[in-house]
Amino acid sequence: MMEDLLGKLEDINYRFEEVGRLIVDPDIIADMKRYVKLNKEYKDLEEIVVAYKKYKNILDNIASSKELLEMEDDEEMKEMAKMELHELESQKPELEEELKVLLIPKDPEDDKNVIVELRAGTGGDEACIFVEDVFRMYSMYFKNRGWKVEVLNSNEGGTKGYKEISMNVEGEGVYGTMKFESGVHRVQRVPETESQGRVHTSAITVAVLPEAEEVDVELNMSDVKRDTFRASGAGGQHVNKTESAIRLTHIPTGIVVECQDGRSQHKNLEKAISVLRSRMYTQELEKKNAERAEQRKSLVSTGDRSAKIRTYNYPQGRVTDHRINKTMYNLSNFINGDIQEMIDALKVAENAEKMKGETA
């Protein structure tokens, strides 16, 4: 098994050196598309190569220590060699596990930017309030990560909060992090609107769509019905004066997209096309994932938006992710954007699952 691992690592190291030579080639630099692709490959391989060199160094030192023990007659030198060998042998398994994780094939979607859509489900006004809470939670998390966020569309609730809100999020590895958030988020708490003090259960849906580029999906605008209308809700006096809001209907799939948060009709159209393309792309992606799921059931990122993934229980101050049965008793921090620990746990669970698939 470890011989196979070393063989893979040597091949990766060879490719890393090859890509290193290619990215300084003037012909490659002149071809921007290829240059960007190779630069990304170099960066992806670099992390594996650094760990491989560290691992190889440990193996070489283990061999040297063993050789010294066999040849050395001096007891003090032998004792030092034994201590060094013990330390090196203890480091080896940890590095092997790290390398196995690094060698898990990456999801090609993981580096994409995303469109996050939050929608109120069961629970009326309370669900709308929870949409606003989760929107704020994600916004604070995105800010901490240094990711750029832009609201694309929002539809306010009856008294407070949002019936739905969508945003575009740009940054490094956004989809690879946020894909775990797709699904039904349930809240249990005493609503602001409830005078009896009873705990109610409400739900919202979160959809995380990888942002599709033009090359990812073919969108024929002759298949799209375009409507303009006057924007409604917060945003100043301009919203009711001009028909700046855009609604696009993709006739072959029935997908409908609205965008009204921008001041200009042209900007709203651009954003709506981007969302439409991403929804079409996600639809295709979900078909592929469903096909893969027949071969290997995915525990974490099934992409099934109807699955209840998480419960936020306010009376007990806990948040539970049902996919990995992880409960955290820091709800107040969690709802203020401190969600990284949960995301890390989901990543670990997915990697463990992928490793099982690799060895199955």
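The values are calculated or read from the model by the stated rules, or taken from the named source; none is laboratory data. Keep in mind it's a predicted model, so treat the numbers as computed, not measured. FYI the Cβ positions are ideal-geometry reconstructions off the backbone, even for glycines, and counts take in every protein chain you see. These area figures cover heavy atoms from the full protein model, side chains too; ligands, DNA and RNA do not enter into them. Shrake-Rupley method; radii C 1.70, N 1.55, O 1.52, S 1.80 Å.
Would you please list the contacts, defined by Cβ atoms under 9 Å and residues six or more apart or on different chains, that run from a residue in segment 135-162 that is assigned to a loop (DSSP other than H, G, I, E, B) to a residue that is polar (S, T, N, Q) and surrounded by 17 or more Cβ atoms within 10 Å (Cβ to Cβ)?
147/113
Can you pull out every residue in segment 327-339 that is in contact with a helix residue (DSSP H, G or I) (Cβ under 7 Å, 6 or more places away or on another chain) and either open to solvent by less than 50 Å² (accessible area, probe 1.4 Å) or among the hydrophobic types (A, V, I, L, M, F, W, C) (or both)?
At the first step, the residues of segment 327-339 found to be in contact with a helix residue (DSSP H, G or I) (Cβ under 7 Å, 6 or more places away or on another chain) are 328, 335-337, 339.
Within segment 327-339, 328, 335, 337, 339 meet the criteria.
Name the one entry in 146, 123 that is under 16 Å from the mean Cα position of the chain (by Cα) and among the small types (Gly, Ala, Ser).
Working: 123 fails: under 16 Å from the mean Cα position of the chain (by Cα).
Of 146, 123, the one residue that is under 16 Å from the mean Cα position of the chain (by Cα) and among the small types (Gly, Ala, Ser) is 146.
What are the residue pairs meeting all of these: first residue in segment 186-200, first residue at pLDDT below 85, second residue part of a loop (DSSP other than H, G, I, E, B), Cβ atoms under 6 Å, and 6 or more apart or on different chains?
Listed pairs, sorted by first residue: 197/190.
Suppose the filter is assigned to a strand (DSSP E or B), charged (D, E, K, R) and within 21 Å of residue 311 (Cβ to Cβ); does residue 198 pass it? Working first, answer last.
Numbers: assigned to a strand (DSSP E or B): no; charged (D, E, K, R): yes; within 21 Å of residue 311 (Cβ to Cβ): yes.
The answer is no for residue 198.
Just give me the residues in segment 1-32 being open to solvent by less than 30 Å² (accessible area, probe 1.4 Å), β-branched (Val, Ile, Thr) and assigned to a helix (DSSP H, G or I), in sequence order.
19, 28
Of the residues 52, 35, which is farther than 18 Å from residue 85 by Cα, at pLDDT 90 or above and open to solvent by less than 90 Å² (accessible area, probe 1.4 Å)?
Working: 35 fails: at pLDDT 90 or above.
After ruling out the rest, the residue left standing is 52.
So which residues in segment 57-73 are free of Cβ contacts under 8 Å to residues at least 12 places away in the same chain and in a helix (DSSP H, G or I)?
Result: 57, 60, 63, 64, 67, 70, 71.
Every residue, every condition in (1) open to solvent by 50 Å² or more (accessible area, probe 1.4 Å); (2) modelled with pLDDT of 80 or more; (3) farther than 22 Å from residue 169 by Cβ, yes or no:
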site: 257; (1), (2), (3): no, yes, no
site: 267; (1), (2), (3): yes, yes, no
site: 273; (1), (2), (3): no, yes, no
site: 277; (1), (2), (3): no, yes, no
site: 286; (1), (2), (3): yes, no, no
site: 292; (1), (2), (3): yes, no, yes
site: 297; (1), (2), (3): yes, no, yes
site: 304; (1), (2), (3): yes, no, no
site: 310; (1), (2), (3): no, yes, no
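Can you say whether residue 43 is more than 16 Å from residue 15 (Cα to Cα), open to solvent by 90 Å² or more (accessible area, probe 1.4 Å), part of a helix (DSSP H, G or I) and not aromatic (Phe, Trp, Tyr), as far as the supplied structure shows? Give the derivation first.
Details: more than 16 Å from residue 15 (Cα to Cα): no; open to solvent by 90 Å² or more (accessible area, probe 1.4 Å): yes; part of a helix (DSSP H, G or I): yes; not aromatic (Phe, Trp, Tyr): yes.
Here the answer is no, as residue 43 does not meet what is asked.
Does at least one position in segment 106-122 carry a residue that is farther than 16 Å from residue 158 by Cβ, open to solvent by 40 Å² or more (accessible area, probe 1.4 Å) and among the basic types (Lys, Arg)?
Yes, segment 106-122 has at least one match.
Would you say residue 342 is modelled with pLDDT of 85 or more, open to solvent by less than 60 Å² (accessible area, probe 1.4 Å) and touching a helix residue (DSSP H, G or I) at 6+ places or on another chain (Cβ under 7 Å)? Reasoning before the result, please.
Numbers: modelled with pLDDT of 85 or more: yes; open to solvent by less than 60 Å² (accessible area, probe 1.4 Å): yes; touching a helix residue (DSSP H, G or I) at 6+ places or on another chain (Cβ under 7 Å): no.
It is false that residue 342 is modelled with pLDDT of 85 or more, open to solvent by less than 60 Å² (accessible area, probe 1.4 Å) and touching a helix residue (DSSP H, G or I) at 6+ places or on another chain (Cβ under 7 Å).
Residues being farther than 26 Å from residue 97 by Cα and touching a Lys or Arg at 6+ places or on another chain (Cβ under 8 Å): count how many of those fall in segment 337-360. Explain how you work it out, then say what you get.
Restricting attention to segment 337-360, the residues satisfying the condition of being farther than 26 Å from residue 97 by Cα are 337-338.
Checking the rest, the ones that are also touching a Lys or Arg at 6+ places or on another chain (Cβ under 8 Å) come to 337.
The number of residues fulfilling the criteria is 1.
So, in segment 11-51, exactly how many residues are without any contact (Cβ under 8 Å) to a residue 40 or more places away in the chain and either charged (D, E, K, R) or touching a Gly at 6+ places or on another chain (Cβ under 7 Å) (or both)?
15
Using the structure shown, decide if residue 116 is modelled with pLDDT under 95 and either assigned to a helix (DSSP H, G or I) or more than 18 Å from the chain's Cα centre (by Cα) (or both).
no
If the requirement is being in a helix (DSSP H, G or I), closer than 30 Å to residue 54 by Cα and touching a helix residue (DSSP H, G or I) at 6+ places or on another chain (Cβ under 9 Å), which of these qualifies: 109, 98?
Working: 109 fails: in a helix (DSSP H, G or I).
On inspection, the qualifying residue turns out to be 98.
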